[in-house]
């Protein structure tokens, strides 16, 4: 594994709400943040929103690491990466680790989790775990 490890959404929420040094980074696209929703932490602290892949073309964000650094993510500060289902966040954790940031963690299941038998994202993830989030 080329990053610090995988955590559940509940473990990530506990880590970022119990430590001022820990950061949650949502690496989904602007469209996902706007239309699907974003995690909430507390009124004085929110997740960083930094696209791993850019909307609408899906290209990798060449400025990803620079944007993390500009937002205060650094060496020795735990950073938890979240995407829709836990795939893009692995790539983000690997990139952060390679750049010397973190320790970097992947949030398993992501914000929405995998599909159920009907093709809906209702079986796992941040939202299904009952963690705070808002839409719109």
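The value for the chain of Rg(Cα) / (2.2 N^0.38 Å) is 0.96. Taking a ≥ b ≥ c as the square roots of the Cα gyration tensor eigenvalues, with a/c under 1.5 meaning rounded and otherwise prolate when a/b beats b/c, else oblate, which class fits segment 1-63? Since a/c reaches 1.5 but b/c is at least a/b, the shape of segment 1-63 is classed as oblate.
State whether segment 36-86 is rounded, prolate or oblate according to the following rule on the C-alpha gyration tensor (a ≥ b ≥ c being the square roots of its eigenvalues): a/c under 1.5 gives rounded; otherwise a/b larger than b/c gives prolate, and the remaining case gives oblate. Intermediate values should be presented prior to the final figure.
Details: a/c = 1.96, a/b = 1.17, b/c = 1.67.
In terms of gyration-tensor shape, oblate.
When only Cα pairs below 8 angstrom with a gap of at least 6 residues are kept, the chain shows a relative contact order of 31 percent.
Using only the Cα atoms of segment 79-136, build the gyration tensor, take square roots of its eigenvalues as a ≥ b ≥ c, and label the shape rounded, prolate or oblate: rounded if a/c is under 1.5, else prolate if a/b is larger than b/c, else oblate.
On the way: a/c = 3.07, a/b = 1.96, b/c = 1.56.
Prolate is the answer for segment 79-136, as a/c is 1.5 or above and a/b outweighs b/c.
Between 118, 20, 109, the GNM of the chain built on Cα springs shorter than 10 angstrom shows 118 fluctuating the most.
Just so you know, all these numbers are worked out from the coordinates, no wet-lab data involved. None of the values given here were measured: they were computed from a predicted structure.
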